[in-house]
Amino acid sequence: MKRSYWICQAAGWGAYTLALFGITTAYTGWHIAIVFSYALFFLYSVALTHLLRREMRRRDWLALPAARGLPRMFFAALAVALIQTALVVILALVLTGSQSGFGEVRQAAATAYGIVVATCAWTAAYIAVAWNRQYREARFREMQLQITVGQSELRALRAQVNPHFLFNCLNTIRGMISENPARAQEMVTSLASLFRHAIDFRGSQMIALKDEMEAVSEYLALESARFEERLQVQIAISEEAAQRNVPAMVVQTLVENAVRHGIAELPNGGLLTIRAGTKDKALILEVENTGKLKDFNPNGVHTGLANARERLRLLCGEKASLELSDAGKGLVAATVVIPA
């Protein structure tokens, strides 16, 4: 916990407690029981508002639109203030009896009003500080993304059309020109489409999954011509998932890693499966391929995944994830989760 938070808690509630103590002793006189009751007020006020802060963070109310988040936070603050008031009155009556000044309903109501105002003011101050911090963090992430976007685009384009891939495609096309001109023409068309997608989405940070899959399909068409029956492809993407946005080139990176470092290493090739759906409003994207996790090239795969994870973090927040795992039965899966 940040030191400044506790300093502000102690200073704010300490000042308010001293003010209440001064007002109370002005009417009732000084008594050790009053000192003790206000010391307790200071402690449980700090504790209760800290619990309020923890619940606000746990329930993610600060991330909600103001119209939804503010009522929740201020109703919670009102509940905390009423608990504080109840404790003030009960402890004062127990400790000081008739000297408490709470014999009249009017006095209790005035105390409740003051505590409600103080607790709501605390809540408003905390919301203002938290929102200001979120705004500054968002601005920082935006600047960080702007600084790294050029490098990210270069890495993504290199991953999509790297020299080895381009060399292999051109060799395959050259061999097919005399044997199967029609197939060679299809490969040239797919290669041109792949370059077109790279150019069209070069400046995009987030694109629809269906648009990303168009480029992936062109890439797989080229690789299928090269690997022939060694590369089998299955794609299952729900309509809802197809409309969701993903970081540009993230699927392309995962698919290329699966082909280059998984299926291409197997004499008999294997199956590449791309799945996408939604669960609890989150997008779940999975690229699964035949192979073993230990057979992957650490330098190539880990670099590609590191780049993809960095783009996910910057574009989709800390809750987004990308995990590579052994799916069993001779399969390796790369799973991306993007929260709503």
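Sort 330-337, 71-78 by the packing proxy (mean of other Cβ within 10 Å over each peptide's residues), most packed first. Mind dumping the intermediate values first?
Details: 330-337: 19.8, 71-78: 16.2.
Descending packing order for the listed peptides: 330-337, 71-78.
Sort out for me the Cα centre separation of segment 1-80 from segment 311-333, rounded to whole Å.
42
Karplus couplings for segment 249-255 from phi (6.51 cos²θ - 1.76 cosθ + 1.60, θ = phi - 60°), rounded to Hz, Gly and Pro as x?
6, 5, 5, 4, 4, 5, 5
Students often get this wrong, so check it: of Lys210/Lys279; Lys210/Lys281; Lys292/Lys319, which have C-alpha atoms separated by over 21 Å?
Lys292/Lys319
Give the long-range amide H neighbours of Leu331: residues separated by 5 or more places, or on another chain, with amide H under 5 Å away, using H modelled in the peptide plane at 1.01 Å from N.
Gly291
What does the highest-first list of 85-93, 246-254 look like by mean Cβ count within 10 Å? Could the numbers behind the result be given before it?
Details: 85-93: 18.0, 246-254: 26.0.
Averaged packing, sorted descending, gives the order 246-254, 85-93.
Glu265 to Lys319: FRET efficiency via 1/(1 + (r/R0)^6), r the Cβ-Cβ distance, R0 41 Å, to the nearest 0.05? Kindly include the intermediate steps, with their values, before the conclusion.
Numbers: r = 33 Å, r/R0 = 0.81.
Calculated value: 0.80.
None of the figures in this text is laboratory data; all of them are computed from the coordinates on show. Since the model is a prediction, treat every value here as computed from it, not as a measurement. All Cβ positions, glycine included, derive from the backbone under ideal geometry; neighbour counts span all protein chains shown.
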